[in-house]
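Colleague: Dumping the structure here so I can ask a few things about it.
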Amino acid sequence: MKEQEVPGEGKMPEGWNPSDDSEDDYKPEKKGSRKRGEEDSEDEIKPKKSRQTPRRAPGTPGGPKAAAKLGVKAEGEGKVVDVCFICKKEVTRGLGGSTIGLRIHYTEKHYYPEGSFLEVAPPREGDLAEGAKVPRDDSSKVYTCILPPQPCTKRKLGYKELVLHLATQHNRLREVMARDARPGAAAVLNLLYPEDKAEKVAVKVEKVMGKVVEREEEEQVDDPGYQEAPAKPAAKAEVKPKAEVKPKVEVKKERTAPRIDKVHNCVLCDASDGRNLSFGTGLSNLRNHYSVCLYNHGWFVGVLDPGAENSTTEGRAVDEFARKWRYKCTVPTCPRAEPKAKPMGFKEFCIHAGVAHHYVELAMAKAVPTRPKLAKVLETVAEARRSAEDGLEEVVEMPEMTVEEIHTCVICGGRDRDGNNLSLDPNKLWSVRYHYAGCYFDTGVYLKLYPPGEQNMEEGRVKDALGKEVKYTCSDDKCTVKKRMGYKEFCIHMASSHGGLEEAMKEDEREEIRALVPKLRRRE
């Protein structure tokens, strides 16, 4: 019979004796209440467990035998040193066991001097002497990496720097080491690129497991004592549609060779910006530099005409920098032909046409007879134009450019900010006519052309010019302005819209103003 537990009574602590009749009260022992200075007994001292990492089994990756094959030594705490199988030099791994230093060592000290990367990264033509394993110049930064992911780097590299970049960043060292038949190369290859070995092992295990399953099924069928289990009544199972299995297609990536830009120095000048020009990625900069050089040497004379009023007797432009004459491109597809595009000076327009519309080739062709070195440059640039996306066979002649004359008011001398940069473009004459009509009001010339009347004159001056008391209206029946105006507004309107400006300018004593009359005449 079980003893019933008394409610409220729990288990008593150790050391409590219910049959003890002594008069001493029970005092439970407190854990961790040992005073300072008291020494622990031998029974209470327990040795601490060491935190040493478990030793790997021999033969496993990274175990004792594998380390012996690769020439790996442990130095100090957390340091792993690899021994090169070629030169026996010790190379310490980086943080976290990184092997990047080992890759750089094998590339820079062995495979690069041996010429093992010549097939992976061929140097530019003519830079490798016959029988040599390294290019003559491996430091000039003329190479660009174009391997994915794009853009890999836009920085120019020397040949040796390119090889190190391909070996470490794009794993080209793996291809080179795979061809190395020297003892120890295969073990180092598996160390540097363990992912290749892991993929092969996974495939092999999967195939072996498939064979074991097939063998077990065959043995069960051939066993004479094998009996099939009695069939169980089939339960109604929910029929699930079979998932469509898509075949896995492996796409082999073709090895992309590094882009090699041929370096070129300008044959017309020794300026710093004319050095290290490129016929590849920097072709636009090359066209721009030659357009500037050819313009400065006068080879654009006859290729593009600045206009009769802006030309010297030799055909050069008088104003090159848009102080008086501005030019605008008229090629329909060009962004500089849009209405909001900023006009250019003649020199800037020539450079634009040379770069964007291939007119630099026309200037080169004109200069070749006296500068024969330009012939090769012209041939290369023309070939690049033909092989581009638009594939122009010939340089397309541009439509006649738009020329705009810029003018500063002769009367006010530009003191009024509206008097600067006045355009004499026939499509913009309204603004310049309005400005001159306003400037002439202060000269008093309109008093004869448009008398204000006695009621608005006082001591030979107009009494009310702003129309506070006296108003005027245009008397031209064809005019669309029918509102009542003050005298000043009325005079400006009549001068700018009904021919009064031409009459005032013809009577002006200044010749430069009289010369403006044909340019300011309205086109009906």
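Every read-out reported here was derived from the displayed coordinates using simple, explicitly stated rules and does not represent laboratory data. Computed from a prediction, not measured in an experiment: that's the story for all the values here. Every residue, glycine as well, gets a Cβ built from its backbone with ideal geometry; the counts of neighbours run over all protein chains shown.
Colleague: Run the paramagnetic zone check for N285: 7 angstrom along Cα to Cβ, then residues of region 358-384 with backbone nitrogen under 18 Å.
Modeller: 381
Colleague: Could you tell me the calculated FRET efficiency between T153 and R174, based on Cβ-Cβ distance and R0 = 22 angstrom, to the nearest 0.05? The partial results should precede the final answer.
Modeller: Numbers: r = 20 Å, r/R0 = 0.92.
In this case the efficiency is close to 0.65.
Colleague: Sort V188, V83, V301 so the one with the fewest other Cβ atoms within 10 Å of its own Cβ comes first.
Modeller: On the way: V188 23, V83 14, V301 19.
The order, fewest Cβ neighbours first, is V83, V301, V188.
Colleague: Next question. For region 71-194, compute Rg over Rh where Rg is the Cα radius of gyration and Rh is the Kirkwood radius from the inverse mean 1/r over Cα pairs. Write out the running numbers ahead of the final one.
Modeller: Numbers: Rg = 15.7 Å, Rh = 15.7 Å.
Rounded to two decimals, Rg/Rh equals 1.00.
Colleague: While we're on this one: Going by how many other Cβ atoms sit within 10 Å of their own, how do R510, R172 line up, fewest first? Display every interim value, and only then the final one.
Modeller: Details: R510 11, R172 21.
By the 10 Å Cβ count, ascending: R510, R172.
Colleague: How long are the semi-axes of the equivalent ellipsoid of region 368-524, defined as square roots of 5 times the Cα gyration tensor eigenvalues? Whole Å, largest first. Walk me through the numbers on the way to the answer.
Modeller: Values: eigenvalues 568, 63, 32 Å².
In descending order, the three semi-axes are 53, 18, 13 Å.
Colleague: Moving on. Mind listing the Cα extents of region 263-403 along all three principal axes, in Å, largest one first?
Modeller: Principal axes ranked by extent give 40, 33, 26 Å for the Cα atoms.
Colleague: Set the Förster distance to 45 Å, then compute FRET efficiency between R514 and A132 from the Cβ-Cβ distance, nearest 0.05.
Modeller: 0.05
Colleague: Follow-up. Would you calculate the separation in nanometres between label points at T473 and I86, each defined as 7 Å from the Cα along the Cα-to-beta-carbon direction?
Modeller: A separation of 10.2 nm, rounded to one decimal place.
Colleague: If you don't mind, there's one more thing I want to ask. Can you tell me which of 451-462, 274-285 comes out highest on packing, and rank the rest after it, using the mean Cβ neighbours within 10 Å? Present the calculation step by step, with values, prior to reporting the outcome.
Modeller: On the way: 451-462: 12.0, 274-285: 15.7.
Ranked by mean Cβ neighbours within 10 Å, highest first: 274-285, 451-462.
Colleague: Now for a separate question. Between Rg and the Kirkwood Rh of region 296-351, both from Cα atoms, what is the Rg to Rh ratio? Intermediate values should be presented prior to the final figure.
Modeller: On the way: Rg = 11.6 Å, Rh = 11.9 Å.
We get a ratio of 0.98 for region 296-351.
Colleague: Then there's this: Assuming R0 = 22 Å, can you tell me the calculated FRET efficiency for the pair D416 and V481, based on Cβ-Cβ distance, to the nearest 0.05? Working shown, then result.
Modeller: Details: r = 24 Å, r/R0 = 1.08.
Plugging the Cβ-Cβ distance into 1/(1 + (r/R0)^6) gives 0.40.
Colleague: How would C84, C329, C479 line up from fewest to most surrounding beta-carbon atoms within 10 angstrom?
Modeller: Ordered from fewest to most neighbouring Cβ atoms within 10 Å, C84, C329, C479 come out as C479, C84, C329.
Colleague: Sticking with this structure for a sec: Among 409-415, 492-498, how do they line up from the highest to the lowest mean number of other beta-carbon atoms within 10 Å?
Modeller: Values: 409-415: 15.3, 492-498: 21.3.
The densest-packed peptide leads the list: 492-498, 409-415.
Colleague: Pulled fully out, how much extra length does the chain show between V331 and E394, if you take 0.36 nm times their separation in residues and subtract their Cα-Cα distance?
Modeller: Values: separation 63, 0.36 × 63 = 22.68 nm, distance 1.57 nm.
Difference between extended and current length: 21.1 nm.
Colleague: How much length would be gained if the chain were fully extended between E458 and E507, taking 0.36 nm per residue of separation minus their Cα-Cα distance, in nm to one decimal?
Modeller: Working: separation 49, 0.36 × 49 = 17.64 nm, distance 2.59 nm.
15.1 nm is the gain from fully extending E458 to E507.
Colleague: Now a separate question. Which loop-located trypsin sites (Lys or Arg not before Pro) does region 129-158 contain, where loop means any DSSP state but H, G, I, E or B and the Cβ has at most 12 other Cβ atoms within 10 Å? Spell out each step's value before the answer.
Modeller: Details: sites: K133, R136, K141, K154, R155, K156; in loops: K133, R136, K141, K154, R155, K156.
Those satisfying the criteria are R136, K154, R155.
Colleague: How would you classify region 458-503 from its alpha-carbon gyration tensor, with a ≥ b ≥ c the square roots of the eigenvalues: rounded for a/c under 1.5, else prolate if a/b is greater than b/c, otherwise oblate? Before the final figure, lay out the partial values.
Modeller: Working: a/c = 2.88, a/b = 1.43, b/c = 2.01.
It comes out oblate by the Cα gyration axes.
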